[in-house]
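The values are calculated or read from the model by the stated rules, or taken from the named source; none is laboratory data. This one's a predicted model, so the numbers in the text were calculated from it and none came from an experiment. With ideal geometry, Cβ positions are generated from the backbone for all residues, glycine too; neighbour counts draw on all protein chains shown. Remember, those area values only see protein heavy atoms, side chains included, never the ligands or the DNA or RNA. Shrake-Rupley method; radii C 1.70, N 1.55, O 1.52, S 1.80 Å.
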Amino acid sequence: MAEEREQKVIVPVPEAFRAQALIKSRQQYEEMYKQSIEDPSTFWGNIASQFYWKRKWDTSKPICSYNFDIRQGPVSIEWFKGGYTNICYNALDKHVNEGRGDNVAILWEGNQVGQELRLTYRDVLKKTCQLANYLRKRGVKKGDRVCIYMPMVPELPIAMLACARIGAIHSVVFGGFSAESLAGRILDCKSDVLLSCSAVQRGNKALNLKAIVDEALMLCKQKENFTPGTCLIYDNANAVPRSKVNWVAGRDLWWQDEVRSCSTEAPVEWMEAEDPLFLLYTSGSTGKPKGVLHTVGGYMVYAATTFKYVFDYQPGDVFWCTADCGWITGHTYICYGPMLNGATQVVFEGVPMYPSPSRWWEIIEKYKVSIFYTAPTAIRSLEALGDKHVIKHDRSSLRLLGTVGEAINAKAWLWYHRVVGEGRCPIVDTWWQTETGGIMITPLPGAWCLKPGSATLPFFGVEPVVLDQEGKPQDGPCAGYLCIKGAWPGMARTLYGDHQRFAETYFTTWPGYYVTGDGCQREANGYITLTGRVDDVVNVSGHRISIGEVESALTSHKSCAETAAVAFDHDVKGQGIYAFVTLVEGVSPTEKLKDEIKAAVRREIGSFAVPDVIQWAPGLPKTRSGKIMRRILRKIAANQFNELGDTSSLADPAVVDQLVETKRGNT
Ligand code: WTA
């Protein structure tokens, strides 16, 4: 009830914020928005002209051409066709050449208090050039794939930028992924280079990344007899001494030893706007991760523009995004968006609770962070520890807060607003996806009132439509499937090596629209509130996880005959995973076996995908045609036993009674 009442709260923009904001009113936004939709060539052309282009795009043609309708031909998306540029040049050289080389780019804060580094734009450029030269020396050229498996040391964004500089396609794999997942990603794009790190300390835990790399490369060899030609390991002496690192002579190379002697100047590879920039694997409704591909020109313009307007970025700001570069948020709002704007940002290697639950607020005070961007799950877990950890640190530098990754409930929103932001800072609840490249639906912080839990209105160039069951666009207040009409510059162009799957996943259900996979509600004033995924994807602590992938990891354990996983509401993580497992005939259901099965998921995917609960299921509810009725399992996991609906069409309705009985016994 309280939560419902709070949802109705409308929070006006503080006058002090509006007065200095880039976009000061809804009317100003409406005018710009109208132009972005009706005349994209002028709107995006003006913005893109602020970057350096070796050759301008063909201005005699529309700035964008696309086909979203598979009945008319293959799906295609092109922006700034004929233009040549380089995103690394625009993120680094441009600032140095224009006299901003001494501005701080990265304020790096290590896991341990006291570990810190300060890198100017000139420093980052030099380091990037050295690595770019080294990669070239190893034969890496435009179009080659480079896999990056690293913790949040400055060398991670530097590695991404170095790839972009020479036209290599980076594929960053989040450091929390297992050897099995890393191997799958290396093999899918046949990346000939792996950039990694000896180890990392996160909180009081050490993670031996090199051991995972060794295992992953062994798997690559076993599965497809493939070994990357270069395996460059960053020596993270803070986490583990060199002498303790397992070494494969002839294959492994120490980053610092190899790169040190390379020149700090490296020519830029000029890229056509539609040349690939990076791949990022993400989970879909079916098992195998998808290699989402973004291209140079459109992504560059969109990353920079969303950063500028959504975060109301102005010179002097200190930005901090707590994401990891292994996810899209870290790509767009650590590596590229801030750097393209010449911003100063904090990059943090550690975790929010170490060495104490004050760590984040301490960092905000220390670096005088003015814009802070994080995930709702982190806000909820810090809220649970009480205000005292927050308020003992000076947060007067903060002027804007943001969230991303999942819906934020009103209670957490209000706490973030009142306690962290002292009621002074607007909150931008930003909705977007790996595939969208940048923020899509979001408040512009000086322009309109906020509503806890609502992402509000579309960004420039984005035309959301809400479709009903039949795929008909609805007018006015409504609820339905969130789709996007028309192309925006930052959108993915394909899935690596599988354009067919790209078309099937996003453009087939309702030809003519990009289908997001999310449900939403729209109010009379146009505000959009996201209501969660409508496919088999769960969002655990902001991590997007495929149900299919979890199920196949569960069944990789020899004792599991059949499994079905569903999402359930979780106070801190947003959603948790609840797995029903049917064991192989004759195997005894023990607690130890549950641990073993969880370990199988940790091995196949990573710790973040391990189910919160495993329930033994003598059988699973299935239709007569053998389809598992997940709807019923979701109700059982949520203890909503009275809402199971009609179970008479099941092949064996008694299965449901058994599952309910066990669940009731446990809770
Ligand atoms: C969810 C993360 C509600 C959504 C940038 C989307 C959100 C998926 C929000 C993409 C938000 C992201 N409110 N839901 N503000 N932001 N989501 O690809 O379900 O890791 O489809 O990209 O996260 O997750 P991804």
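On alpha-carbon atoms, Rg over Rh for region 232-349 using Kirkwood Rh?
Details: Rg = 18.1 Å, Rh = 17.5 Å.
That ratio is 1.03, to two decimals.
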Next item on the list: For region 63-150, state the semi-axes of the equivalent ellipsoid (square roots of 5 times the eigenvalues of the alpha-carbon gyration tensor), sorted largest first and rounded to whole angstrom.
Entry: 35, 18, 17
Next item on the list: Please work out the ratio of the alpha-carbon Rg of region 552-667 to 2.2 N^0.38 Å and round it to two decimals.
Entry: 1.04
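Solvent-accessible area per residue for the chain at a 1.4 Å probe radius, Å²?
Values: 25550 Å² over 667 residues.
Ligands and nucleic acids excluded, the result is 38 Å² per residue.
Relative contact order of region 560-667: what whole-number percent is it, with Cα pairs under 8 angstrom and at least 6 residues apart? Spell out each step's value before the answer.
Values: 140 pairs, mean separation 26.6, N = 108.
Result for region 560-667 is 25 percent.
Expressed as a whole percentage, what fraction of the accessible surface of region 327-397 belongs to carbon and sulfur atoms when a 1.4 Å probe is rolled over the protein heavy atoms? Each step should come with its number before you reach the end.
Numbers: 1180 of 2020 Å².
C and S fraction of accessible area: 58 percent.
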Notebook entry, point to check: residue 561's amide H: which non-local residues (gap 5+, or another chain) put their own amide H closer than 5 Å, with H modeled 1.01 Å from N in plane and none for Pro or chain starts?
Noted result: 582, 583, 584
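Diagonalise the Cα gyration tensor of region 240-301 and give the resulting equivalent ellipsoid semi-axes, square root of 5 times each eigenvalue, largest first, whole Å. Spell out each step's value before the answer.
On the way: eigenvalues 208, 117, 17 Å².
Semi-axes from the Cα gyration tensor: 32, 24, 9 Å.
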Notebook entry, point to check: Which cross-chain or sequence-distant (5 or more) residues have an amide H under 5 Å from the amide H of residue 429, H modelled 1.01 Å from N in plane?
Noted result: 403
Next item on the list: Would you please report the Å³ per residue occupied by the convex hull of the alpha carbon atoms in region 516-616?
Entry: 99 Å³
Next item on the list: Take the alpha carbon atoms of region 630-664, find their center, do the same for region 46-62, and report the distance between the two centers in whole angstrom.
Entry: 58 Å
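Report Rg/Rh for region 535-582, rounded to two decimals, where Rg is the Cα radius of gyration and Rh the Kirkwood radius.
Rounded to two decimals, Rg over Rh is 1.00.
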Next item on the list: Run the dipole for the chain about the Cα centre, Lys and Arg Cβ at +1, Asp and Glu Cβ at -1, nothing else charged, and hand back the magnitude in debye, nearest 20.
Entry: 920 debye
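What is the diffusion coefficient of region 348-485 in µm²/s, taking the Kirkwood radius over Cα pairs and the Stokes-Einstein relation at 4 °C with a viscosity of 1.567 mPa s? Numbers along the way, then the final one.
Working: Rh = 16.4 Å.
Translational D for this selection: 79 µm²/s.
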Item checked: Share of carbon and sulfur in the accessible heavy-atom surface of region 481-588 [1.4 Å probe, %] -> 48 percent
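With a 1.4 Å probe and all protein chains in place, put 418, 136 in order of accessible area, largest first. Walk me through the intermediate numbers first.
On the way: 418 145, 136 75 Å².
So the residues, ranked largest to smallest area, are 418, 136.
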Margin query: Could you derive backbone 3J(HN,Hα) for region 82-95 from the dihedral phi with the Karplus parameters 6.51, -1.76 and 1.60 (θ = phi - 60°), listing whole Hz in sequence and x where the residue is Gly or Pro?
Written below: x, x, 10, 8, 8, 5, 5, 4, 6, 7, 10, 3, 4, 5
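For every helix of n ≥ 4 consecutive DSSP H residues, a contribution of -39,500 (n - 2.57) applies; sum these over the chain, divide by its total residues, and give [θ] at 222 nm rounded to the nearest 500 deg cm²/dmol.
Numbers: 20 runs with 193 residues, N = 667.
Calculated from helices alone, the mean residue ellipticity at 222 nm is -8500 deg cm²/dmol.
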Margin query: Just to check I understand the Karplus step: with θ = phi - 60° and J = 6.51 cos²θ - 1.76 cosθ + 1.60, what whole-Hz values come out for region 235-245, glycine and proline as x?
Written below: 7, 9, 5, 4, 9, 7, x, 3, 4, 8, 8
Item checked: Cα-derived Rg over Rh, computed across region 1-103 with Rh taken as Kirkwood radius -> 1.13
Item checked: Rounded to the nearest 10 Å², the accessible area of residue 603 at probe 1.4 Å -> 120 Å²
Margin query: To check you understand DSSP bridge types, tell me what percent of the beta bridges within region 193-258 (both residues inside) are antiparallel, rounded to 5.
Written below: 25 percent
Check: For residue 518, which sequence-distant residues (separation of 5 or more, or a different chain) have an amide H within less than 5 Å of its own amide H, given hydrogens modelled in the peptide plane?
Finding: 482, 534
Next item on the list: Consider just the alpha-carbon atoms of region 337-415 and return their Rg together with their Dmax, both in angstrom.
Entry: 12.8, 37
Margin query: Run the simple label-point estimate for residue 24 and residue 314 please: 7 Å along Cα→C-beta, distance reported in nm.
Written below: 1.1 nm
Notebook entry, point to check: What accessible surface, in Å², does a 1.4 Å probe find on residue 152, ignoring ligands, DNA and RNA and rounding to the nearest 10?
Noted result: 10 Å²
Item checked: Positive-pole candidate from 218, 409, 606, dipole of the chain, charges at beta carbon -> 218
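Roughly what % antiparallel, to the nearest 5, for the DSSP beta bridges in the chain?
On the way: 62 of 101 bridges.
Bridges in the chain that DSSP calls antiparallel: roughly 60 percent.
Compactness ratio of the chain: Cα Rg over 2.2 N^0.38 Å, N = residue count? Intermediate results must be reported in sequence, preceding the final value.
Numbers: Rg = 24.6 Å, N = 667, 2.2 N^0.38 = 26.0 Å.
Against the compact-globule rule of thumb, the ratio is 0.95.
Once you keep just the Cα pairs under 8 angstrom separated by 6 or more residues, what percentage relative contact order results for the chain? Don't jump to the answer; show the numbers that get you there.
Details: 1414 pairs, mean separation 93.3, N = 667.
Value for the chain: 14 percent.
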Item checked: Members of 210/366; 594/635; 94/142 lying beyond 26 Å, as alpha-carbon distances in this model show -> 210/366
